[in-house]
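Below is one structure, written out as structure tokens; the observations come after it.
The values are calculated or read from the model by the stated rules, or taken from the named source; none is laboratory data. Treat the numbers as computed from the prediction; the structure is a model and nothing was measured. Here the Cβ is made from the backbone with ideal geometry for all residues, glycine too, and neighbour counts use every protein chain on show.
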Amino acid sequence: MDIFEKLHTNLGPLGKHSELSEGYFMFPKLEGEIAPRMKFKGKEVLTWSLNNYLGLANHPEIRKADEDAARKWGAAYPMGARMMSGNTDLHEQLENELAAFVQKEKAYLLNYGYQGIMSVIDSLLDRKDVVVYDSECHACIIDALRMHIGKRFVFPHNDIENCEKQLQRATRLADETGGGILLITEGVFGMTGDMGRLAEIVKLKEKFQFRILVDDAHGFGTMGATGAGSAEAQGVQDQIDLYFSTFAKSMASIGAFVAGDEKVIHYLKYNMRSQIFAKALPMLLVEGGLKRLELLRSRPELKANLWKIVNALQNGLKEKGFSIGKSNSPVTPVVLNGTVGEAATLSKDLRENYNIFCSVVIYPVVPKGMIILRLIPTAVHTLEDVAETISAFEAIKDKLTSGIYKTSELATSFGE
């Protein structure tokens, strides 16, 4: 059998909708300057789908820093992997400043978030080690665990009682294998918006011997008194063994970092294959990262503006009877009931008739019959944007409830 033959007949759960969806629901193209209002299909839309929490993507000081760095260094410098020829003082400076910001001894820069955390997990574990993890961990964590040839146990999302049971199972197995236990969870879960119950998890260290790795991509810069993240918000930053974040959210850039005890970071530095054998993070991104971190530290009004919009949006939605689940972060999931076809129709209605662009999440990302409209508030949205959006959502909710979307031509095309 030709290995490619199956690809023609089975495009996968998302790919099967590609003829109807590509260019509109999947792989859409937003155009213009990064801002709350951009162009989609030639029309201005109010967008809630950009991970630009603090509004740094087009901040004038950031734009200038990026332009100056690009002019100074170009896109190529430094050449080679950091271990061989691509290390610089500025890479190390950014690492030191990141470590200080998240209150850890050392940090190590990573080229990408997805690739980075996969490599962290892969480097830490051997066949004797056991992993315990939250069921709603991001795909990058799941993909890393697929590579792990040892045992892993999953607990239902934020279920601390079950987490304890899995730690009991992991402890028995680790005693047999002679390995250790790594518990992996997230600071803020990117789909549901609720924080991992970090304070309760670290308290389990009183009963069990394990280390905890927290992916705080959505919490870095947005949560905690200083923006140091979800563990800071819960008062347990010093008890997180490994802290990970990407630059793709609050920093509005590319790259990532992992921070922890000096000896552990030193080990990762010499054993993370994705960093040993990959080109160093380009200097324009490093200098840009230093400027972004400077603004995170020195401009508390950025986070304050973000939370003004978050509170107005989330409180306004709840007052109008919308469910946003258990979100206690900026991530705002509006949970509705309906088919994939209804989701496509209401999303198109929002974009075409109400000029609102947000991400629509359907099966297989969420269970069948559930629709999530995922909103990402930013510091550069306005209260007028919030009011306009809530009004539009009231209208589409009425249409969904009345069944109008179920009989649409688009819903019929999806075969549901």
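Of a type in the set (A, V, I, L, M), at pLDDT 95 or above, closer than 28 Å to residue 35 by Cα and part of a helix (DSSP H, G or I): is that true of residue 386 in this structure?
Numbers: of a type in the set (A, V, I, L, M): yes; at pLDDT 95 or above: yes; closer than 28 Å to residue 35 by Cα: yes; part of a helix (DSSP H, G or I): yes.
Here the answer is yes, as residue 386 does meet what is asked.
Keeping to segment 47-76, report how many residues are loosely packed, with under 13 Cβ neighbours inside 10 Å and of a type in the set (A, V, I, L, M). The qualifying residues number 2.
Conditions tested, residue by residue: (1) surrounded by 14 or more Cβ atoms within 10 Å (Cβ to Cβ); (2) assigned by TED's automatic domain parsing to the domain that holds residue 28; (3) in contact (Cβ under 8 Å) with a residue 40 or more places away in the chain; (4) within 30 Å of residue 210 (Cα to Cα).
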| site | (1), (2), (3), (4) |
| --- | --- |
| 45 | yes, yes, yes, no |
| 78 | yes, no, yes, no |
| 82 | yes, no, yes, no |
| 90 | yes, no, yes, no |
| 119 | yes, no, yes, yes |
| 124 | yes, no, yes, yes |
| 128 | yes, no, yes, yes |
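For residue 37, all conditions in the list (1) assigned by TED's automatic domain parsing to the domain that holds residue 262; (2) in contact with a Leu (Cβ under 7 Å, 6 or more places away or on another chain); (3) surrounded by fewer than 18 Cβ atoms within 10 Å (Cβ to Cβ) hold save one; what is the number of the exception? Result: residue 37 passes all but (1). Scanning segment 186-205 for residues that are of a type in the set (D, E, K, R) and surrounded by fewer than 22 Cβ atoms within 10 Å (Cβ to Cβ) yields 194, 197, 200, 203, 205. Among all positions in segment 140-151, there is no residue which is of a type outside the set (Val, Ile, Thr), touching a Ser or Thr at 6+ places or on another chain (Cβ under 8 Å) and touching a residue at least 60 places away in the same chain (Cβ under 8 Å).
Evaluation of residue 321 against the conditions (1) more than 19 Å from the chain's Cα centre (by Cα); (2) assigned to a helix (DSSP H, G or I); (3) within 27 Å of residue 223 (Cα to Cα) shows that the sole unmet condition is (2).
Of the listed requirements (1) surrounded by fewer than 17 Cβ atoms within 10 Å (Cβ to Cβ); (2) hydrophobic (A, V, I, L, M, F, W, C); (3) closer than 20 Å to residue 379 by Cα, residue 27 misses just one: (3). Name the residue, out of 100, 81, that is modelled with pLDDT under 95 and aliphatic (A, V, I, L, M). It is 81. When residue 363 is tested against the conditions (1) in a loop (DSSP other than H, G, I, E, B); (2) modelled with pLDDT of 95 or more, the lone failure is (2). Of all residues in segment 389-406, those being outside any helix (DSSP H, G or I) and in contact with a helix residue (DSSP H, G or I) (Cβ under 8 Å, 6 or more places away or on another chain) number 0. In segment 155-185, the qualifying residues are those that are aliphatic (A, V, I, L, M) and surrounded by 18 or more Cβ atoms within 10 Å (Cβ to Cβ), and the one that is nearest to residue 243 (Cα to Cα) is 184.
When each of 14, 50 is tested for being under 30 Å from residue 410 (Cα atoms) and part of a loop (DSSP other than H, G, I, E, B), the lone residue that passes is 50. Remark: pairs (first residue in segment 206-227, closer than 11 Å to residue 189 by Cα and outside the structural domain of residue 98 (by TED's automatic domain parsing); second residue buried (at least 22 other Cβ atoms within 10 Å of the Cβ) and modelled with pLDDT of 95 or more; Cβ separation under 6 Å; 6+ apart in sequence or on different chains) are absent. Residues that are surrounded by 17 or more Cβ atoms within 10 Å (Cβ to Cβ), part of a helix (DSSP H, G or I), among the β-branched types (Val, Ile, Thr) and in contact with a Pro (Cβ under 9 Å, 6 or more places away or on another chain) do not occur anywhere in segment 334-356.
For segment 236-259, which residues satisfy the criterion of being of a type in the set (Ser, Thr, Tyr) and either outside any loop (DSSP other than H, G, I, E, B) or surrounded by fewer than 24 Cβ atoms within 10 Å (Cβ to Cβ) (or both)?
Initially, segment 236-259 is screened for residues of a type in the set (Ser, Thr, Tyr), giving 243, 245-246, 250, 253.
Listed by number, the residues that qualify are 243, 245, 246, 253.
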